[in-house]
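**Q** Below are the structure tokens for one structure; questions will follow.
The values are calculated or read from the model by the stated rules, or taken from the named source; none is laboratory data. Note that this is a predicted model, so its numbers are computed, not measured. Backbone-built Cβ (ideal geometry, glycine too); neighbour counts: all protein chains shown. Accessible surface areas use protein heavy atoms only, side chains included; no ligands, DNA or RNA. Shrake-Rupley method; radii C 1.70, N 1.55, O 1.52, S 1.80 Å.
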Amino acid sequence: NKQKDEIISAISHEFKNPIAVINGYCETLLNDKDMKKSIMEKFLKKIGSNATRLSEMIDRLRIATKLEDKKFQATFKECNLAELCGRIVGNLKVEYSKREIYLKVHFQKQILADEILLGVAVANLIENAIKYSENDVFVEIYEDRIDVVDDGIGIASNEIEKITDKFYRVDTNSWNNSLGLGLSIVTNILRVHGFALEIKSEIGKGSVFSIIF
């Protein structure tokens, strides 16, 4: 019951902000009949982006539940990691237009994987790096791993093992991986593939999140 209450509290907290933004902009649009078109378009974009955020949070919950209940059917096929990571980096550059994300391919790797699931895992790691750092983010492909590197706030050594737990947050350094589900999903996806997540981090110096094949 305690865990259930914590989960409901976490979901309520995360959903509250985008819902408040959507309601606020909708109310303004409805009340101001003479609003300039440029301002109206700006407000509608804000509504759209927050609606998308809500949808993504719901999708994360659904995927996390299916993975934990072993109900998700993975489809494995040959996957080119450079192409997969290139698509993900390209999409995230559009979403985070003010940030630089660099892809470095040190080894051309073909791997047997569920491309959709693996893509979710890689995207989660890159988004975490973007959110908790201010400078460039690097995605590097090696023969035995993918590294996602940032020079952000870092994670204390005693917290590293805990952050992959569902709904866990590190309050002391404001670590918040969106519903606390991001790294839990990554861990479950990698487990389906027989891969592992390795985390190296130091407070104030950044982190390296590695998918080990």
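**Q** Treat each spin label as a single point 7 Å out from the Cα along the C-beta direction, and report the K93 to Q108 distance in nm.
**A** Using points 7 Å along Cα→Cβ, the separation is 2.1 nm.
**Q** Follow-up. Let's test the formula: R0 of 35 Å, r as the Cβ-Cβ distance of F76 and L54. What FRET efficiency results, to the nearest 0.05?
**A** That pair, F76 with L54, gives E of 0.65.
**Q** How much length is gained if the chain between K16 and D151 is pulled fully straight, taking 0.36 nm per residue apart and subtracting their Cα-Cα distance, in nm to one decimal?
**A** So the chain would gain 45.6 nm between K16 and D151.
**Q** Need one number: nm distance between label points at R191 and N23, each 7 Å from Cα along Cα→Cβ, rounded to one decimal.
**A** 3.7 nm
**Q** Report ³J(HN,Hα) in whole Hz for each residue of the stretch 197-213, in order, from the Karplus equation J = 6.51 cos²θ - 1.76 cosθ + 1.60 where θ = phi - 60°; Gly and Pro get x.
**A** Along the stretch 197-213, the couplings run 9, 10, 10, 10, 7, 9, 4, x, 10, x, 9, 10, 9, 10, 8, 9, 7 Hz.
**Q** Continuing with the same structure: Suppose accessible area is computed on protein heavy atoms with a 1.4 Å probe; arrange K37, K46, K77 from highest to lowest.
**A** K37, K77, K46
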